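Here's the structure, in structure tokens; my notes come after.
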Amino acid sequence: MGTYFHSVTLDEEKCRGCTNCIKRCPTEAIRVRKSKARIINERCIDCGECIRVCPYHAKKAITDSFDMVNTFKYKVVIPAPSLYGQFKSVFSRNHILTALKMLGFDEVYEVAQAAEIVSKATKKFINKEGQKFPLISSACPAVVRLIQVRFPNLIDNILKFESPMEVAAKIARDKVMKKENLTKDEIGVFFITPCAAKMTSVKAPYERESSSVSGVISIKDVYLGVLNNLMRQKSCEDLIGAGYEGIRWANSGGESLALGTDSFLAVDGIHEVITILEEVENDRLEDVMFIEALACKGGCLGGPLTIENSYVAKTRLKKHIDEAKEKAIASSDHDDENDNIDWTGKVQYKPVLKLDDDIEKAIKKMEILQNIENELPGLDCGACGAPSCRALAEDIVRGNANETDCLFKLRDRVRELAIQMMELEAIMPPVMDKGSGGKGEK
Amino acid sequence: MTEGCLELNYDIPANDFLHAGEASSSVKKMLNQLGVDPDKVKKTAISMYEAEINAVIHADGGAAHIEIWKDKVVIKICDKGPGIPNVELAMQEGYTTAPDHVRDMGFGAGMGLPNMKRYADSLDIDTAVGKGTTVTITVFLK
């Protein structure tokens with residue numbers, strides 16, 4: 001894809017041009033211009049942090065509308081395991097899946113079930129000899145994109161396996177094609193997502209040519225419908241396919257727990273993820289084989305498109321996990337034909353923070369940048385529209401901003417001018433000078 | 001300011017393990033912005049970090065002076081610490097003189113100098129017992 005697709009976008013009308021989002025963006029991808037928070041497309045990693053922090057709800061995620069479902073002959077829904085944490089514990093997983101199906105789908109396939117396939121492949125891969133550690137999970141697309149723009153040295157560490165969503169979509173579609181004797185295009189596969197990053201993964205995947213998912217609908221958008229069905233529904237179908245290892249993926253640490261090793265590190269929240277990736281990049285993490293890094297606090301349960309508070313959701317999910325444990329279903333049986341889940345595309349470094357292609361020019365610019373930064377007040381107030389004084393200095397060097405964008409600098413200039421004006425005002429041209437009363441002239 | 005070269009200076013605070021490494025991480029960020037090859041950025045960042053930490057552990061901090069040229073990065077870390085009596089011994093992996101409380105924090109495992117040597121293209125150690133140490137690390141960018 002030549003242009004950038006982003007799920008995270010701005011609702012112009014709601015944006016008041018405040019500084020909340022610019023200051024929290026992990027890639028400094030937002031600037032306020034003309035009272036609106038503009039996203040710099042090439043920098044945005046769709047982590048959804050801005051959606052979460054905007055007090056005016058002006059940052060939103062574009063997802064597909066439910067109407068899209070009806071454009072397909074056969075409709076399959078593949079819910080993220082985080083969906084189970086959104087509803088009261090009295091509803092079993094089968095209840096929830098049935099209620100979801102009743103919204104108008106012909107078939108349900110749990111993404112959690114595909115997660116188990118990814119876990120299995122990862123387990124195998126970790127135990128291969130000569131492996132470069134630590135491996136970094138690719139489950140969170142925002143983290144993969146973060147690595148692309150900020151941690152080029154870690155691209156090799158990414159575990160290059162398809163996401164559970166992709167695996168699920170492929171399996172579900174293949175199954176239906178065989179069972180119902182339908183063509184690929186007649187089947188619509190819809191992912192129910194907790195986040196914006198997944199939407200971007202479907203519209204502009206980095207790991208493959210195109211996604212197997214037909215559409216992405218947010219948990220938020222199906223929540224009410226599912227809840228209504230849950231209230232009305234009397235019986236439920238037996239739809240569950242996943243064991244607790246798969247469901248657990250919705251939690252931070254869930255993916256790691258399935259690997260059968262203690263040498264893992266699970267980190268959640270994009271800013272904490274950055275700290276850990278710094279450690280890895282500097283070779284400072286010892287004895288860690290696997291890193292599960294998730295952009296949202298609390299993992300996918302904390303996704304910006306979920307309804308329930310992530311801590312509440314975690315408790316609820318635990319009940320589903322325990323239930324599966326009671327039935328002693330760790331993971332479901334899988335055919336080995338799904339074993340090959342390697343990425344077909346290549347993830348590359350995106351040097352979007354680079355000052356110039358020519359290093360000599362870049363050094364010159366950096367020197368100017370340093371000087372400008374030294375002159376700025378260092379308050380990082382954000383009133384200029386950039387997240388920090390240094391970011392403003394960068395923007396100036398890049399030609400995207402002026403020093404007077406800084407309110408303090410502007411005030412200095414105004415003051416200088418005012419002093420100059422006062423000085424000029426005090427000077428009286430001789431022809432107008434009446435004060436001395438025309439001395440010596442009668 | 002020398003033409004064609006970016007000079008940077010940082011203070012390395014004494015006994016401050018929380019903020020130790022800030023200078024190298026700020027240099028790392030800049031090198032990325034300059035478009036330096038990621039591999040070279042890593043070499044520079046790690047070797048500088050080790051030198052920085054050494055100054056914190058052994059010498060009550062010091063000063064870092066960095067020159068970034070189009071074809072190389074030169075890092076000078078100076079301290080007024082105790083000096084290194086036997087450089088050859090100090091270069092051995094696992095050899096350490098770091099006190100226990102430092103080692104308890106996960107630092108001072110005797111990998112500092114060996115790591116510097118491993119990641120730097122050239123490493124020069126100028127040390128005098130009782131006077132201090134200056135470590136000069138060069139990483140070539142081409």
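The set of residues in region A:204-229 being under 13 Å from A:Val69 (Cβ atoms), open to solvent by 10 Å² or more (accessible area, probe 1.4 Å) and in a helix (DSSP H, G or I) consists of A:Asp221, A:Gly225. Among the residues of region B:11-35, those that are more than 7 Å from chain A (Cβ to nearest Cβ) and within 29 Å of A:Tyr349 (Cα to Cα) comprise B:His19, B:Ala20, B:Gly21, B:Glu22, B:Ala23, B:Ser24, B:Ser26, B:Val27, B:Lys28, B:Lys29, B:Leu31. Looking only at region B:15-29, residues that are over 15 Å from A:Glu281 (Cβ atoms) and touching a helix residue (DSSP H, G or I) at 6+ places or on another chain (Cβ under 7 Å) come to 5 in all.
For a quick check of your reading: which strands (runs of 3 or more DSSP E) sit entirely within region A:36-109 and have at least 1 residues that are β-branched (Val, Ile, Thr)? Before you say what the answer is, go through the steps one by one.
On the way: elements: A:36-39, A:59-61, A:74-79.
Per the criteria, A:36-39, A:74-79.
Say whether the condition of being open to solvent by less than 100 Å² (accessible area, probe 1.4 Å), outside the structural domain of A:Lys160 (by TED's automatic domain parsing) and within 30 Å of A:Glu209 (Cβ to Cβ) is met by at least one residue in region A:364-385.
Residues of region A:364-385 that are open to solvent by less than 100 Å² (accessible area, probe 1.4 Å), as a first pass: A:364-373, A:376-378, A:380-385.
Narrowing further to those that are outside the structural domain of A:Lys160 (by TED's automatic domain parsing): A:364-373, A:376-378, A:380-385.
Narrowing further to those that are within 30 Å of A:Glu209 (Cβ to Cβ): none.
No.
For A:Leu259, the criteria (1) surrounded by 19 or more Cβ atoms within 10 Å (Cβ to Cβ); (2) within 14 Å of chain B (Cβ to nearest Cβ); (3) in a loop (DSSP other than H, G, I, E, B); (4) aliphatic (A, V, I, L, M) hold in every case but one, which is (2). Filtered by the rule that a residue be closer than 18 Å to A:Glu394 by Cα and either in contact with a helix residue (DSSP H, G or I) (Cβ under 9 Å, 6 or more places away or on another chain) or open to solvent by less than 40 Å² (accessible area, probe 1.4 Å) (or both), region A:16-36 gives A:Ile22, A:Lys23, A:Arg24, A:Cys25, A:Pro26, A:Thr27, A:Glu28, A:Ala29, A:Ile30, A:Arg31, A:Val32. Remark: pairs (first residue in region B:18-32, part of a helix (DSSP H, G or I); second residue charged (D, E, K, R); Cβ separation under 6 Å; 6+ apart in sequence or on different chains) = B:Ala23/B:Glu52; B:Ser24/B:Glu52. Counted as qualifying within region B:34-142 are the strands (runs of 3 or more DSSP E) with 2 or more residues that are open to solvent by less than 60 Å² (accessible area, probe 1.4 Å) and out of contact with any Lys or Arg (no Cβ under 9 Å at 6 or more places or on another chain), namely B:72-79, B:122-128. A:Glu367 satisfies every condition listed in (1) more than 30 Å from A:Lys120 (Cβ to Cβ); (2) within 22 Å of the chain's Cα centre (by Cα) except (2).
The values are calculated or read from the model by the stated rules, or taken from the named source; none is laboratory data. Keep in mind that this is a model prediction, so the values were computed, not measured. Backbone-built Cβ (ideal geometry, glycine too); neighbour counts: all protein chains shown. The accessibility values were calculated without ligands, DNA or RNA, using every heavy atom of the protein model including side chains. Shrake-Rupley method; radii C 1.70, N 1.55, O 1.52, S 1.80 Å.
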